[in-house]
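Just so it is clear, none of the values below were taken in a lab; they were calculated from the coordinates. Just so it is clear, the structure is predicted and the values come from calculations on it, not from any experiment. A quick note on method: Cβ atoms are made from the backbone with ideal geometry, for glycine too, and the neighbour counts reach across all protein chains shown.
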Amino acid sequence: MKYYVYLILSKNCNKYTSYVGYTNNVRKRLYLHNNSKGAKFTKGKHWLLAYTKQYKNKILAMKEEYKLKKDIKLRSKIKRDFINNN
């Protein structure tokens, strides 16, 4: 089964908040986040999908999710690219 690492953004007062996760169904997961059924941190906000990357299995996706959560420079670059293109 394929898994995905994703980064979503929420804008509040010209400031973007990001959240990183992994899933096997990005569309469903984004729907859950936007309907307050996702992670506790994401409740009550409107989220936009800024980044996804596909992996062969859950273990690889989990490892990459962890790396992305720790890599502040890469998360910042993804945010900037998304904001500049939208």
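Is the chain rounded, prolate or oblate when judged by the Cα gyration tensor, a ≥ b ≥ c being the square roots of its eigenvalues, rounded requiring a/c under 1.5 and prolate requiring a/b larger than b/c? Working shown, then result.
Values: a/c = 1.87, a/b = 1.24, b/c = 1.51.
Oblate, because a/c is 1.5 or more while a/b does not exceed b/c.
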**Q.** Estimated [θ] at 222 nm from DSSP helical runs (n ≥ 4, -39500 (n - 2.57)) normalised by residues in the chain, nearest 500
**A.** -13000 deg cm²/dmol
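Tell me, what is the percent relative contact order of the chain, built from C-alpha pairs under 8 Å that lie six or more residues apart? Spell out each step's value before the answer.
On the way: 130 pairs, mean separation 29.6, N = 86.
It rounds to 34 percent for the chain.
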Q: In nm, give the distance between the simple-model label positions of K40 and Y66, each being 7 Å from the Cα along the Cα-to-Cβ direction.
A: 2.2
